[in-house]
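One structure coming up, written as structure tokens, with questions to follow.
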Amino acid sequence: MDKAHDVLIRNLWEHTALAEEDVAEIRALTFTVRDFAPNEDFIRQGDEPEHSALVVSGMVARYHLLGSGRRQYLAFHLTGDLPDAQGLFIDEMDHGLSALGPASIAFIPHRELFAAFRRRPTFGFAVWRETLLDAAIFREAITNNSARPMQARMAHLFCELFYRARAAQLVRGNRCRMPISLAQLGETLGMAIATVNRTLADLRRSEAMDLRDGELIVLKWRELQRLGDFSPAYLHLKRQSAS
């Protein structure tokens, strides 16, 4: 249980200065931790939320479920993220959340969070800032999918996820876990599977990166950044740098 508290505190510290009282308030929260299998949903479109989720380990995906049953993936979330903080302010979830690989998720009752926000507004502002960071990522994803060519589109996504993984201390050397299938890449970037394969092959030929066995390997960060037209300013991570 302490691990869940530590994960949340470390994540919020990336963008918000927390006082000792804020940290104590977070440590007093009740967490219920559950493990999920790959591709298992833990929030469904249409749910009436009563808890907020925290990614304790693993990687999860936010998606829209279309009438045909297909999914449009909207964003990916890593250890430390609060992927459904918006659920604090809406009555019905308009998207779903699913584990990509094995994932551990902590659930925090909304009633406890609201009470903590009243006692420690700085903590409330930090969680609110999480929703603003999500919105910034959504805006960038819209630009990425509508305005960038295929290779830049994929390179940008890899840059974002690698950069965020570094902030979450999930990068080992030049590698981070990324259990995204080629089909899920296509459903994220608006590409047919043949285009996904061709674009990934082009990026591999650039020798800037590789994606194998559920791992993203960044071989030439600045080249990948150039190919993806990637600037990390929209992520607003104060303590992060990628060299």
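The values are calculated or read from the model by the stated rules, or taken from the named source; none is laboratory data. Bear in mind the structure is a predicted one, so any value in this text is a computation, not a measurement. With ideal geometry, Cβ positions are generated from the backbone for all residues, glycine too; neighbour counts draw on all protein chains shown. Remember, those area values only see protein heavy atoms, side chains included, never the ligands or the DNA or RNA. Shrake-Rupley method; radii C 1.70, N 1.55, O 1.52, S 1.80 Å.
Rule-of-thumb check for the chain: C-alpha Rg over 2.2 N^0.38 Å?
Compactness ratio reported: 1.00.
Right, next: Which Rg and Dmax, in Å, describe the Cα atoms of the stretch 147-195?
In order Rg, Dmax, the Cα atoms of the stretch 147-195 give 12.0, 33 Å.
In whole Å, what is the distance between the alpha-carbon centres of the stretch 193-235 and the stretch 127-160?
15
Leaving out ligands, DNA and RNA, and with a 1.4 Å probe, what % of the accessible surface on the chain is carbon or sulfur?
Ligands and nucleic acids excluded, carbon and sulfur reach 51 percent.
Taking only the alpha-carbon positions of the stretch 168-236 and ignoring solvent, what does the Debye formula give for the base-10 log of I(q)/I(0) at q = 0.24 Å⁻¹?
Once normalised to I(0) and log-transformed, intensities are -1.30.
Moving to a separate point now. Taking θ as phi - 60°, what are the ³J(HN,Hα) couplings along the stretch 220-233 by the Karplus curve (6.51, -1.76, 1.60), each to the nearest whole Hz, with x for Gly and Pro?
For the stretch 220-233, the Karplus curve yields 9, 4, 5, 5, 5, 4, 5, 4, x, 6, 9, 10, x, 4 Hz.
With N set to the number of residues, divide the alpha-carbon radius of gyration of the stretch 127-243 by 2.2 N^0.38 Å and report two decimals.
1.02
Now for a different question. If one takes the longest principal axis of the Cα atoms in the chain, at what angle in degrees, from 0 to 90 and to the nearest 10, does the Cα axis of helix 2-13 lie?
70
Further question on the same structure: Per residue, how many Å² of accessible area does the chain show with a 1.4 Å probe?
47
Okay, next question. Please give me the summed charge of the neighbours of Leu82: other residues whose Cβ is under 9 Å from its Cβ, Lys and Arg +1, Asp and Glu -1.
Once all neighbours under 9 Å are counted, the net charge is -4.
Amide H neighbours of Ala75 under 5 Å, counting only residues 5+ apart in sequence or on other chains, H built in-plane at 1.01 Å?
Sorted by chain and number, the residues that satisfy this are Arg62.
Cβ neighbours within 10 Å, averaged per peptide: list 74-80, 107-113 in order, most packed at the top.
Listed from highest to lowest mean packing, they are 74-80, 107-113.
So what is Rg over Rh here for the stretch 27-80, counting just Cα atoms and using Kirkwood for Rh?
0.99
If I model a spin label as a point 7 Å beyond the Cα along the Cα-Cβ vector, how far apart are those points for Asp213 and Trp128 in nm?
So the two model labels end up 4.7 nm from each other.
Where does the chain land at 222 nm, in deg cm²/dmol rounded to the nearest 500, when only DSSP H runs of n ≥ 4 count, each adding -39500 (n - 2.57), divided by all residues?
Theoretical 222 nm ellipticity from helices: -13500 deg cm²/dmol.
Another question about this same structure. Please work out the Cα convex hull volume for the stretch 79-193 and give it in Å³ per residue.
Roughly 131 Å³ of hull volume per residue.
Apply the Karplus parameterisation 6.51 cos²θ - 1.76 cosθ + 1.60, with θ equal to phi minus 60°, to every residue of the stretch 143-155 and state each ³J(HN,Hα) to the nearest whole Hz, in sequence, with x for glycine and proline.
So the J values, rounded to whole Hz, are 4, 4, 6, 9, 10, 9, x, 4, 5, 5, 4, 6, 4.
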